[in-house]
Amino acid sequence: MKKIIFVTGGVCSSLGKGITASSIGSLLEARGLTVRMIKIDPYLNVDAGTMNPYQHGEVYVTDDGAETDLDLGNYARFTNAPNSRANSVTTGQVYREVINKEREGRFLGKTVQVVPHITDEIKARIVAVGKDPDVDFTIVEIGGTVGDMESVPFLEAARQLIHEYGRQDAASVHVTLVPEVSGGELKTKPTQHSVKELQEVGIQPDVLVCRSGAGLDESLRRKLAAFTNVEYEGVISARDAATIYSIPLVFHEQGLDQFLLRKMNVESRHADLKAWKEVVRKLTEPKGRIRIGVIGKYMDLHDAYKSVWEALSHGGIANDAGVEIVRLDSSRFEADGADAGALLDGIDGMLVPGGFGQRGINGMVAAARWARENGMPYFGLCLGMQIMAIEWARTKLGWADADSAEFNPDAGHAVVSLLEDQVDVKNFGGTMRLGCNDTFFKEGSKPALAYGAVKVSERHRHRYEFSNAWRADFEKSGMVIAGFTPDGELVESLEWPSHPWGVGVQYHPEFKSKPLAPHPLFAAFIKASIAYGEKRARG
Ligand code: GLN
């Protein structure tokens, strides 16, 4: 690793440290530089696998099966930096490692302490991610807010690394809020205090990314520079933007990348931002517009399906269409007298995302049935594919007791069930199929056509599988087993026969979609939805 950039946050949480880190990464890549990204989460959980989506938002999964913070998804959407287990560091991991070493006697009887043992472990993890000789920059986002008790060891590790690398090879970017008080005046005091807090732990920021609704004028930028020891060019006004994908452009217009590179003495080509401009154009002034209904749980919590929302908008980018997402809680489809057709009025395509637990399942089944019988494009992700199996078994095979063993372990027809070697394993968190796996598709199937390939690798996060006990009944009754694992054992994709586009996949394609490279299945689903909408408009 040649250079390192730390991104911290002050004043309050949710100011967009992740988007800031990702946007800096994308600007450096646009200049032909190679970056690596790291997220540090100061919580004690070892990973995000056991965390409630209500509290924590989506669990993002990497190729090697790590269950991480959703910010890794932002890194993956904005940059080409590879993500694995090593890119997500938590307090829990660091302490576990140090305590394990202590138990193994590897500290030779020394007193084991936060400084230097915990901080050394943190530093080693950061340096390891950027060790490849062609990596130019490692960008480290430190979660939480400066001043939190939990982040102290991480800030100390950052301070030490900045000192060891030297000011030319290390930089600090601090993201803060400049709030507006009644009367419309913008207040810099919270930012000044937050910088002071950072300085107290020995870190002088080089860049301030100041969030505010309308943006800072020159005099406010000068005032902040004067009070925080940051150069004027380093004070960036990050006004609210129409889309997160315009943030790299907003930063570039204000010279953030130029400033960082000059400060760190890096020569690079000019930033090529044509592709990003085109993405922003398609998102803000698309040629067409469509409405996608997403039927699931956790619908009132925006971040629980972060990658799904983003992948849908990327599918729109691929078709130059603005995607309006209509979130429909699946319980609405199972209420007494629910009319699926009425609930879906004005919708062009249906997506059922992943999920766990029984609540709302019958509503998803009812919605899927409507989509199948009425030719509405349907895209099932993980649980959404299992719903296709249950619906088909109940309606087409006439098995009223068909279910997933997850929801009814005693179901007569458990068409989705645990594998034999999984049964009786009670160790929660240990039995999931996690990470990437190859899938083979039938030649000519809708997914094969969308990918333009019959073999793909995608990421999994689930416990239950389509049950092979009734595979033949499904096939005989017409359901297309479109994809399977290389050994042919596990069903990876289902496709409705004689339907414009009804596809379910057992994996999570949303994790791999990028605005500059929309996922082929999302692109194909949106394309089919546009066609459905046009047909509907013609009557
Ligand atoms: N609950 C289902 C399973 O464990 C689906 C999981 C998911 O959608 N991620 O198999």
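Some points to look at:
- Folded to 0 to 90 degrees: helix 520-538 orientation relative to the chain principal axis, Cα: 60
- Relative contact order, whole percent, for region 430-493 stands at 37, derived from Cα pairs under 8 Å and 6 or more residues apart.
- When you filter the chymotrypsin sites (Phe, Trp or Tyr not before Pro) in region 89-156 for DSSP loop state and at most 15 other Cβ atoms inside 10 Å of their Cβ, you are left with 107.
- Cross-link pairs exceeding 21 Å in C-alpha to C-alpha distance, out of 2/39; 396/535; 17/196; 39/306; 3/131, comprise 396/535.
- Basic side chains Lys and Arg get +1 at the Cβ, acidic Asp and Glu get -1 at the Cβ, and with that the dipole of the chain about its Cα centre reaches some 1100 debye.
- Shape summary of region 219-268, radius of gyration then Dmax from alpha carbon positions: 12.2, 33 Å.
- Within-10-Å neighbourhood charge of residue 464 [Cβ basis; K, R +1; D, E -1]: 0
- Taking the average, over residues, of other Cβ atoms within 10 Å as the packing measure, peptides 499-507, 18-26, 475-483 rank 18-26, 499-507, 475-483 from highest down.
- Qualifying aspartates and glutamates (Cα of each under 17 Å from Cα of residue 476; at least 8 residues distant if same chain): 391, 495
- All aspartates and glutamates inside 15 Å of residue 263 as judged from Cα atoms, apart from same-chain residues fewer than 8 positions distant: 136, 169, 206, 231, 233
- Per-peptide average of other Cβ atoms within 10 Å, ordering 344-350, 525-531, 403-409 highest first: 525-531, 344-350, 403-409
- Within-12-Å neighbourhood charge of residue 360 [Cβ basis; K, R +1; D, E -1]: +1
- Taking only the C-alpha atoms of the chain, the Rg (one decimal) and the largest Cα-Cα distance, Dmax (whole number), read 24.9, 80 Å.
- The calculated P(r) of region 148-202, using every Cα pair and 10 Å bins from 0, goes 20, 42, 25, 11, 2 in percent.
- The chain - percent relative contact order, Cα under 8 Å, separation 6 or more: 15
- Other residues lying with their Cβ under 11 Å from the Cβ of residue 265 contribute a combined charge of +3, Lys and Arg counting +1, Asp and Glu -1.
- Per-peptide packing, taken as the mean over residues of other Cβ atoms within 10 Å, places 326-339, 248-261, 431-444 in the sequence 248-261, 431-444, 326-339 from highest down.
- Hits among aspartates and glutamates - C-alpha to C-alpha of residue 297 under 14 Å, sequence gap 8 or more where chains match: 58, 329, 334
- The relative contact order of region 391-502 comes to 23 percent, based on Cα pairs under 8 Å that sit 6 or more residues apart.
- Against the chain, whose longest principal axis comes from its Cα atoms, helix 189-200 is set at around 70 degrees.
- Relative to the longest principal axis of the Cα atoms of the chain, the long axis of helix 152-165 lies at roughly 60 degrees.
- Note on region 376-422: Rg/Rh from Cα positions, Kirkwood definition for Rh, rounded to two decimals, is 1.01.
Laboratory data are not the source of any read-out in this text; all were calculated from the coordinates shown. Owing to the predicted nature of the structure, the values given are computational and were not obtained by experimental measurement. So basically every Cβ, Gly included, is an ideal-geometry build from the backbone, and we count neighbours across all protein chains shown.
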